[in-house]
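The values are calculated or read from the model by the stated rules, or taken from the named source; none is laboratory data. Here the structure is a predicted model, which is why all the values come from computation and not from measurement. Here the Cβ is made from the backbone with ideal geometry for all residues, glycine too, and neighbour counts use every protein chain on show.
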Amino acid sequence: MKMMVAGLMMAMVTAQAVAVPAKLPQGSELQTALAALGLKVNSVADSVVPGVQQVLTDRGLFFAANNGQFLIEGNIYDLKNKQLVNDSILQGVRKAGVSKLKDSSIEFKAKNEKYVVTVFTDTSCGYCRKLHNEMQSYLDKGITVRYLAFPRGGVQSETYSELQSIWCADDKQQAMNQAKAGRKIAPAQCSNNVAEQYETGQSFGISGTPAIVLPDGTLVPGYQPAEALVATLANLAK
């Protein structure tokens with residue numbers, strides 16, 4: 001679904017406090033309209049654009065008007081304050097989401113930890129493997145990496161089964177190392193939340209891997225070498 005409303009995306013909007021997102025009542029017009037598109041509404045609030053609502057769904061952020069008659073997928077820019085409205089909405093959502101999943105992440109911890117990032121990963125992704133092959137350079141820079149699963153092919157894919165086996169392995173780090181090196185890992189089953197991790201990533205608007213969530217909830221799509229990532233993190237900490 002690639003709907004773009006150029007006039008709205010580039011509209012001049014004023015900086016206002018965004019209303020606290022709230023659950024929609026069952027059977028509301030907006031909920032019904034989005035359900036017909038296969039979207040589950042998590043919360044809704046007034047956006048900074050008058051007459052337009054911000055809608056957090058299981059597939060990311062959308063904007064809606066006239067009770068769902070008009071649906072907008074895309075970025076809204078605040079030209080006056082020089083910021084992307086979408087990011088200001090999603091940062092807190094991402095930060096809370098990865099915090100909730102922290103205990104189920106597979107962590108590669110830096111000895112001299114300065115920063116912690118969460119990386120949504122897929123074992124079949126070339127750039128995910130590149131990032132993992134350079135893990136020591138991230139650790140040497142003081143960056144702890146926490147992996148969450150994001151099987152790009154969905155929950156019916158072979159990668160999903162492989163990621164489940166990694167999360168069920170006795171030595172999860174070693175299983176991740178083997179998979180990222182392209183080696184077969186032993187199938188394993190257990191109670192796991194790989195599906196929840198995948199769904200959480202989708203709710204952030206993630207569609208590809210690697211996807212790096214910074215400590216403040218900012219999303220960095222794609223591979224970042226250690227030098228570039230540590231520079232971004234240091235600038236964030238200022």
Test for V230: is it buried (at least 17 other Cβ atoms within 10 Å of the Cβ) and either among the acidic types (D, E) or in contact with a Ser or Thr (Cβ under 6 Å, 6 or more places away or on another chain) (or both): no
For the stretch 132-144, how many residues meet the condition of being on the phi > 0 side of the Ramachandran plot and in a helix (DSSP H, G or I)? 0
Exactly one condition in (1) closer than 17 Å to Q202 by Cα; (2) of a type in the set (F, W, Y); (3) part of a helix (DSSP H, G or I) is not met by Y147; state its number. (3)
Please name all residue pairs, on different chains or six or more residues apart, with Cβ atoms under 6 Å, provided the first residue is in the stretch 55-71 and is of a type in the set (S, T, Y) and the second residue is surrounded by 18 or more Cβ atoms within 10 Å (Cβ to Cβ). T57/L39; T57/V41
Consider the stretch 48-76. How many of its residues are farther than 19 Å from V93 by Cα and not in a loop (DSSP other than H, G, I, E, B)? 5
Only one of (1) more than 17 Å from the chain's Cα centre (by Cα); (2) surrounded by fewer than 19 Cβ atoms within 10 Å (Cβ to Cβ); (3) assigned to a helix (DSSP H, G or I) fails for Y127. Which number is that? (1)
Taking the conditions exactly as written (touching a residue at least 40 places away in the same chain (Cβ under 8 Å) and either part of a strand (DSSP E or B) or over 30 Å from S47 (Cα atoms) (or both)), does V155 satisfy them or not? yes
Looking at S161 and the list (1) over 13 Å from the mean Cα position of the chain (by Cα); (2) among the polar types (S, T, N, Q); (3) assigned to a loop (DSSP other than H, G, I, E, B), which single condition is not satisfied? (3)
Report yes if S99 is buried (at least 18 other Cβ atoms within 10 Å of the Cβ) and closer than 30 Å to I185 by Cα, otherwise no. no
Taking the stretch 160-174 and keeping residues closer than 18 Å to D103 by Cβ, free of Cβ contacts under 8 Å to residues at least 40 places away in the same chain and buried (at least 20 other Cβ atoms within 10 Å of the Cβ) leaves Q164, A169
Is one or more of the residues making up the stretch 195-203 of a type in the set (V, I, T) and either at pLDDT below 95 or assigned by TED's automatic domain parsing to the domain that holds L39 (or both)? no
